[in-house]
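This report refers to the structure that appears directly beneath it.
Nothing in this text is a laboratory measurement; each read-out follows from the coordinates by a stated rule. Model, not experiment: these values are computed from the prediction. Neighbour counts run over all protein chains shown; Cβ positions are idealised from the backbone, glycine included.
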Amino acid sequence: MSEKPVVKSAEQLNDEMLSSLRAPTWRWYLLAFFLGVVVAFGLYAFTHQMLTGMYVTGLSRPVMWGFYIINFVFWVGLSHSGTMVSSILRLSQANWRRPILRAAEAMTVFTITVAGLFPLIHLGRNWIFYYLIPYPNQRGLWPNFRSALLWDMTAIVTYIIGSSLFLYLGMLPDLAVARDRSRGWRRKLYGVLAMGWRGTAREWTVFHQASTLMAALIIPVAVSVHSIVAWDFAVTVVPGWHSTIFPPYFVIGAILSGVAAVITLMIIIRKAFHLEAYLTPMHFDNMGKLLLVISLLWTYAYFVEVQTTWYAHEPIEWEVFSFMAGKYTPALLLMLFGNSLLPIAALCFRRLRRSIGVMLVVSLLINVGMFIERFLIIVPSLSHKNMPFVWGTYRPSWVEISVTAAAFAGFALLYTLFAKCFPMVAVTDVRELEVRETEVTMGRADLPSIAGKD
Amino acid sequence: MKLTSPYKWGMVIDLDRCTGCGACVVACQAENNVAICDEKEIAEGRSMHWLRIERFWVGEYPEVRARFLPVLCQQCGDAPCEPVCPVYASYHNPDGLNGQVYNRCVGTRYCGNNCPYAVRVFNFYPHRWPEPLDNQLSPDVSVRPRGVMEKCTFCIQRIRRAKEDAKADGRQIRDGEVRPACAQTCPSEALVFGNLADPQSRAARLARSPRRFRLLEGLGTHPSVYYLKGGGRENV
């Protein structure tokens, strides 16, 4: 850490970092209530759709996929942050990652859970969703493994399990700290979850090996998940979807929206739980650099996609692009501004990267841009497919918008509940760093240094 | 493609004979229990016709001519709708038809997106047949519930019946013995149905015409529906 840390006692450190576990205030209840209402309304909208029919959505022929699938891709994208950021930083031994870890990993688990619900919400007959699961049955029926949707389901289930394990594993020692500091039902809960962690040398060795292994294993899973989501589109014959750049482009887009979302959440958590001492401008500076690189990559991928289509000028593909640019011009410009122009311009400057306000605006706009990006990939291609006689348009209905709002509220609710029940800052990780940090004298300067290997 | 059946059903549509009267659309609706949609549903792009007649205006006033293109499921040899269905509701049957199992369909609508001809229709609405129209429903064809995808089947119920008759007589189906409702009804005989695996069938002979083309052939879907248009000696 570049700022010289004020020496605090272990007790004080634990107390500050576990501040989110204090008894909830009325403001917390108010927030939870508000989010609960939004979720309840979304549930009502979904039930309404299930009981009456898919006509309550804005879908039609030819646009048979709309907001639900846009949401699905968007939330899978968000889920890429956590695990990717935290595992890449863990493997590259970036010590500044430590206070961010937990927030990012928890985000992954909840966003992928929300994402996984959308393909089910979107089914015409949700009540028989289990036909998609390969379960043994008397009729000898089996799902179709040639379908990208089945790859999707497999990848998402794998990712939910993997990222939950990753989150839980990293939390083990913190749960033990929380267990030792709490009473009543919480003590029982943490006691069970901590699985008898005592903090012996052997436990720590195994723990470090397991975390490194998990971090290394989860990266290919994360990359494959969004590649598979991209294949939902890339393996079709729909003009505008059938593109080989899609898998890497989607993965880059996913990391872009994910990293931006981590930054947004960092800002909120920092403010809500008064963690200014732990989430310093240095962290935002580093995350900003990461965001800058990914934004440049995204810009490159987008450029390549448009450039190849423009150069080939295949009539139907070009029709999709011209239709998209003509009908959705403001959205397209906002996307380009939010995903590429603004981040590249702003994040080049150290002062802006260290400004919390700027980072909030940049990170929020990136996710607005990424939502639009998914819309512009899915809807215009379907609107203008090969047969001009059945071209159409799409406008989301109140049902789809309510379910989308409920998804955001539901994610926030899960996250607030999680923050109230579990340590939001990786306590042991941070403290481990502090213990290792010593001052070394080089010439006439005293410099902070990290002793030992990670 | 290797055939596992002596039949490869196909259709030839002579566009120079099509008058755009719409009799085929009505016949299909009556034969296959196709839902009746009101104006609102059709304006929303949720009509249920398995067969549509695309109308195009060619030329400038006063030299305007109407062109008609009847489009139904092309029963592709390499159908884009089939591999994308996660539950095998959309599958390839031995006669080369693209089958659709309504009971198995969960309504992902992936097949509808991936069909380049946009001939798959989805039951957005729960459809009902007001009395006494419900008495007119064909008992050979299942009535589809809301939330499932449906499309032209080449009147598979008629093919089945012809097969049973042929089997009882210990022979194969004769050319012209089975005709889907649309081909049966077409007043100008623009639609000819038959077994393309039999090179002597009328449909197979017409499909070899120099006037033939298939819709969006460049996509490599190998449709079983051939269109005939201009170009040849009988250019009209």
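Is the shape of segment A:73-231 best called rounded, prolate or oblate, per the rule: a/c under 1.5 gives rounded, else a/b larger than b/c gives prolate, else oblate, with a ≥ b ≥ c the square roots of the Cα gyration tensor eigenvalues? Prolate, because a/c is 1.5 or more and a/b exceeds b/c. Amide H contacts of B:TRP9: B:LEU196, each under 5 Å away and 5 or more positions distant or on a separate chain (H built 1.01 Å from N in the peptide plane; Pro and chain starts excluded).
Scalar couplings 3J(HN,Hα) for segment B:95-103, obtained by applying the Karplus form with A = 6.51, B = -1.76, C = 1.60 to θ = phi - 60°, are 7, x, 8, 8, x, 9, 9, 5, 5 Hz; x denotes Gly and Pro.
How much length is gained on full extension from B:GLU131 to B:GLU217, taking 0.36 nm per residue of separation minus their Cα-Cα distance? Don't skip to the answer; put the middle values down first.
Working: separation 86, 0.36 × 86 = 30.96 nm, distance 4.38 nm.
Result for the pair: 26.6 nm of gain on full extension.
Which distance in Å, rounded to a whole number, links the C-alpha centroids of segment B:4-64 and segment A:272-290? Each part's Cα centre sits 62 Å from the other's.
Here segment A:237-255 and segment A:309-344 have alpha carbon centers that stand 14 Å from each other. 3J(HN,Hα) along segment A:44-54, derived from phi through the Karplus expression 6.51 cos²θ - 1.76 cosθ + 1.60 where θ = phi - 60°, amounts to 4, 4, 5, 4, 4, 5, 5, 7, 9, x, 6 Hz, with x in place of Gly and Pro. Does segment B:144-236 classify as rounded, prolate or oblate by the C-alpha gyration tensor (a ≥ b ≥ c root eigenvalues; a/c under 1.5 gives rounded; else a/b over b/c gives prolate, otherwise oblate)? Because a/c hits 1.5 or more and a/b fails to exceed b/c, segment B:144-236 counts as oblate. Stretching A:LEU334 away from A:MET282 to a fully extended chain increases their span by 15.8 nm, per 0.36 nm per residue minus the current alpha-carbon distance. Using θ = phi - 60° in the Karplus curve 6.51 cos²θ - 1.76 cosθ + 1.60, the 3J(HN,Hα) couplings for segment B:191-196 round to 9, 10, 10, x, 8, 6 Hz; x is entered for Gly and Pro. Taking the three principal axes of the alpha carbon atoms in segment B:62-199, the coordinate ranges are 55, 41, 40 Å, sorted in descending order. Calculated mean residue ellipticity at 222 nm for chain A: -23500 deg cm²/dmol, from DSSP H runs with n ≥ 4 weighted as -39500 (n - 2.57), summed, divided by the residue count and rounded to 500. Counting only other chain Cβ atoms within 10 Å of each residue's Cβ, the peptide B:94-104 averages 1.
Here's how it looks for B:CYS76: its modeled amide H is under 5 Å from those of B:SER224, which are all 5 or more places away or on a different chain.
Give me a single rounded figure for B:76-82: the average over its residues of other chain Cβ atoms within 10 Å of their Cβ.
Values: counts 0, 0, 0, 0, 4, 1, 3.
Mean shielding by partner chains, rounded to a whole number: 1.
Restricting attention to chain B, close to 85% of DSSP beta bridges with both partner residues there are antiparallel.
How much FRET efficiency would the formula 1/(1 + (r/R0)^6) give for A:PHE389 and B:GLN184, where r is the Cβ-Cβ distance and R0 is 25 Å, rounded to 0.05? Intermediate results must be reported in sequence, preceding the final value.
Details: r = 25 Å, r/R0 = 0.99.
Approximately 0.50, to the nearest 0.05.
Note on B:TYR61 and A:ALA345: the model spin-label points, each 7 Å out from Cα along the C-beta direction, lie 4.9 nm apart. Annotation for B:ASP169 and B:GLN200: the two label points, set 7 Å from Cα along the Cα-Cβ direction, are 1.5 nm apart.
Available extension along the chain between A:ILE161 and A:ALA40 is 40.9 nm, counting 0.36 nm per residue and deducting the alpha carbon span.
Considering only B:PRO223, A:TRP65, A:PHE323, and ranking their Cα positions along the charge dipole of the protein assembly as shown that arises from unit charges at the beta-carbon of Lys, Arg, Asp and Glu, the one farthest toward the positive end is A:TRP65.
Around the amide H of B:GLY99, modelled in the peptide plane, lie the amide H atoms of B:TYR91, B:HIS92, B:ASN93, all under 5 Å away and 5 or more residues distant in sequence or on another chain.
Protection proxy ranking for B:104-115, A:193-204, using the average of other Cβ atoms within 10 Å per residue and placing the highest first: B:104-115, A:193-204.
Under the definition of partner shielding as Cβ atoms of other protein chains within 10 Å of a residue Cβ, what is the mean value for peptide A:140-147?
Mean partner-chain Cβ count within 10 Å for A:140-147: 5.
For the pair B:ARG17 and A:HIS208, how long in nm is the line joining their label points, each one 7 Å along Cα→Cβ? Distance between the two pseudo-spin positions: 8.3 nm. Legend: calculated FRET efficiency, A:ARG354 to A:LEU189, from the Cβ-Cβ distance at R0 = 41 Å, rounded to 0.05, equals 0.60.
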